[in-house]
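First comes the structure, then the notes that go with it.
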Amino acid sequence: MIWATVVLPIVLLLMGLPIFTVLMASASVTLILVMDLPISLIQTELFGSLDNYNLIAVPFFILAGAIMTEGGISGRLVNWVLSFLGGVRGSLGLTMVGGCTIFGAISGSSPATVAAIGGMLYPSLRQKGYPESFASGLLAASGAIAGIIPPSIAMILYGVAAEESIRYLFIGGILPGLLIALLMGIYVYFTARRLGIREGGSWSLAMIATTTRQGAWALGAPLIILGGIYSGVFSPTEAAGVACLYAILVTLLIYRDLTPAGLWKVTTQSVYLTAQVLIIVGAATILARLLTIAGVPQEVVGWMQALQLSPWMVMLAINLLLLVVGCVLDPASAILVLAPILKPVALAAGIDPVHFGVVMTVNLSIGMFTPPFGLNIFVTQALFKVPLPALYRGLVAPIAVNLLALAIITYWPWLTLVLVQLLR
């Protein structure tokens, strides 16, 4: 079992095979050589894993984020954030953090956020004198906030894998996501002071009023999506459908920045991206199912209980494991494989499952910009041709900031659970 589920995937990853191929090969070898189960289980689990109502939210949120990016909504959100920051030192860097946070509350996708916000702000950061390493590292790290702030695709997948309320996970991610944005903002401010950079902008009520009026429909997107979920008007899956409809109406009929031909192009691109995500979901679910049948979660729980670790030590061990896994696996694969194994460990240690879900999501979001295989790193490098050594240097401080945030989120459960308890 160890050879089939640990050694083989590592070897295949080092060979450069796609993630879904690695997961499918590992599951197939485990099923054929290790477990006495019919081969038809692969087909049953592959299609059965995708027959899930909650998963419908994934393609809808991907499409909504793509439409809003192409339809000018993301640009209006950035202008609105920048109008509030005005002449504050580091205002462009702060706008990047704020823009990623707000756009993440629409798309739920880290790579989409990096592409949308980076295309508007990265060139400006470079023109104002920010070093290449700082600007690229800030973009890659800030984009990962989209994986934490609701509606988060990673949290949807965790809810599916761990059978937890996606609504509670969403509301539990609000304050942790804002904490990370706050700490990243502090890092940007003091870095701008150290570098002696002042963008020279201004702050005025007239500018705020103008950008608010121009971006009113754009600002309505996160309000409608999140407000509808938390008020109970519609489920997260229904909210994703509403987000798509709202994005189409606003970009086609109100802003008119997107044509029907452009909408078709965006939709086809979203279909390809959705297929890439869902094939990973299917392959990872097969492997997770085989591990569950083999009793791996129960074995892990028994082993942890035998060590008699305190809850804080259990969470420390899980955090270290997830940080390492996040360096080589994308969040979708890691969540779908590890959530069914690690959730029983957390429950045995007396950890709230919603709190654990948020902690797991934060860990794997950090992996999105952790070398060597962080997806946000490759997106940033591909978009702006940043040399990888410079990009890696720029990620050192953001990784440290996010690890501090992770420690606070892990050992201060109130931050995650206070809004959940109010909703309950």
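List the aspartates and glutamates whose Cα sits under 13 Å from the Cα of Lys128, skipping any in the same chain fewer than 8 residues away.
Here the aspartates and glutamates satisfying the reach criterion relative to Lys128 are Glu199.
Given labels modelled 7 Å from the Cα in the Cβ direction, how far is it in nm from Leu316 to Asp51?
Each label point lies 7 Å from its Cα, and together they span 4.6 nm.
Rounded to a whole number of µm²/s, how large is the Stokes-Einstein D of region 118-277 at 20 °C and 1.002 mPa s, given Rh as the Kirkwood radius over C-alpha pairs?
115 µm²/s
So if I average 1/r over every pair of distinct C-alpha atoms in region 21-145 and take the inverse, what Kirkwood radius in Å does that give?
Working: mean 1/r = 0.0583 Å⁻¹.
Radius from the Kirkwood sum: 17.2 Å.
Within the chain, which complete DSSP H helices have Cα atoms spanning at least 27 Å along the helix axis and a mean Kyte-Doolittle hydropathy of -0.5 or higher? Please list the in-between numbers first.
Details: long enough: 174-195 (31 Å, 1.55); 260-293 (48 Å, 1.24); 388-411 (33 Å, 1.62).
The answer, listed by residue number, is 174-195, 260-293, 388-411.
Just need log10 I(q)/I(0) for region 208-265 at q = 0.21, 0.22 Å⁻¹, Debye formula, equal scatterers on the alpha-carbon atoms, no solvent, rounded to two decimals.
Debye curve over Cα of region 208-265, log10 I(q)/I(0) at q = 0.21, 0.22 Å⁻¹: -0.84, -0.88.
Nothing charged except the Cβ atoms of Lys and Arg (+1) and of Asp and Glu (-1): what's the magnitude of the dipole of the chain about its Cα centre? Round to the nearest 20 debye.
Working: 16 positive and 13 negative charges, 281 e Å.
In total the dipole reaches around 1360 debye.
Running a GNM on the chain with Cα contacts under 10 Å, which residue among Gly87, Gly172, Gly241 ends up with the highest mean-square fluctuation?
Fluctuation is largest for Gly87.
In region 221-323, which chymotrypsin sites (Phe, Trp or Tyr not before Pro) fall in coil by DSSP and have 15 or fewer other Cβ atoms within 10 Å? Please list the in-between numbers first.
On the way: sites: Tyr230, Phe234, Tyr246, Tyr255, Trp264, Tyr272, Trp303, Trp312; in loops: Phe234, Tyr255.
Hits after loop and neighbour filter: Phe234.
Please name which of Ser83, Ile67, Ala162 has its Cα lying farthest along the dipole of region 56-189 towards the positive end, using unit charges on Cβ (Lys, Arg +1; Asp, Glu -1) and the Cα centre as origin.
It is Ser83, whose Cα lies furthest towards the positive end.
Put Phe103, Phe20 in order of accessible area, largest first, 1.4 Å probe: what do you get? Walk me through the numbers before you get to the answer.
Details: Phe103 0, Phe20 75 Å².
From most exposed to least exposed: Phe20, Phe103.
For the chain, which whole-number percentage of the solvent-accessible area (1.4 Å probe, protein heavy atoms only) is attributable to carbon and sulfur atoms? Walk me through the intermediate numbers first.
On the way: 12270 of 17740 Å².
That fraction is 69 percent.
Restricting to DSSP H runs of at least four residues, report the calculated mean residue ellipticity at 222 nm for the chain, -39500 (n - 2.57) per run over all residues, nearest 500 deg cm²/dmol.
Details: 22 runs with 319 residues, N = 424.
Only helices count here, giving -24500 deg cm²/dmol.
Hey, could you grab the Kirkwood Rh for the chain? Inverse mean 1/r over distinct alpha carbon pairs, Å, one decimal.
This gives a value of 22.0 Å.
Provide the gained length on full extension for the span Ile293 to Met15, in nm with one decimal, where the gain is 0.36 nm per separating residue minus the Cα-Cα distance.
On the way: separation 278, 0.36 × 278 = 100.08 nm, distance 2.86 nm.
Once the chain is fully extended between Ile293 and Met15, it gains 97.2 nm.
Top to bottom by accessible area (1.4 Å), largest first, where do Val359, Val6 land? Could the numbers behind the result be given before it?
Numbers: Val359 0, Val6 70 Å².
Accessible-area ranking of Val359, Val6, largest first: Val6, Val359.
Which translational diffusion coefficient, to the nearest whole µm²/s, is obtained for region 138-197 from the Stokes-Einstein equation, given a Kirkwood hydrodynamic radius over C-alpha pairs, 4 °C and 1.567 mPa s?
The diffusion coefficient I find is 102 µm²/s.
Give, to the nearest whole percent, the P(r) tail of region 312-424 beyond 25 angstrom, counting all Cα pairs.
Working: 1714 of 6328 pairs.
Above the 25 Å cut-off, region 312-424 has 27 percent of its Cα pairs.
Could you do me a favour and compute the accessible area per residue for region 286-332, 1.4 Å probe, result in Å²? Write out the running numbers ahead of the final one.
On the way: 2440 Å² over 47 residues.
Heavy-atom accessible area per residue stands at 52 Å².
The values are calculated or read from the model by the stated rules, or taken from the named source; none is laboratory data. None of these values were measured; they are calculated from a predicted model. All Cβ positions, even for glycine, are placed from backbone atoms using ideal geometry, and neighbour counts span all protein chains on display. To get the accessible areas, we keep the full protein, side chains included, count just its heavy atoms, and leave off ligands, DNA and RNA. Shrake-Rupley method; radii C 1.70, N 1.55, O 1.52, S 1.80 Å.
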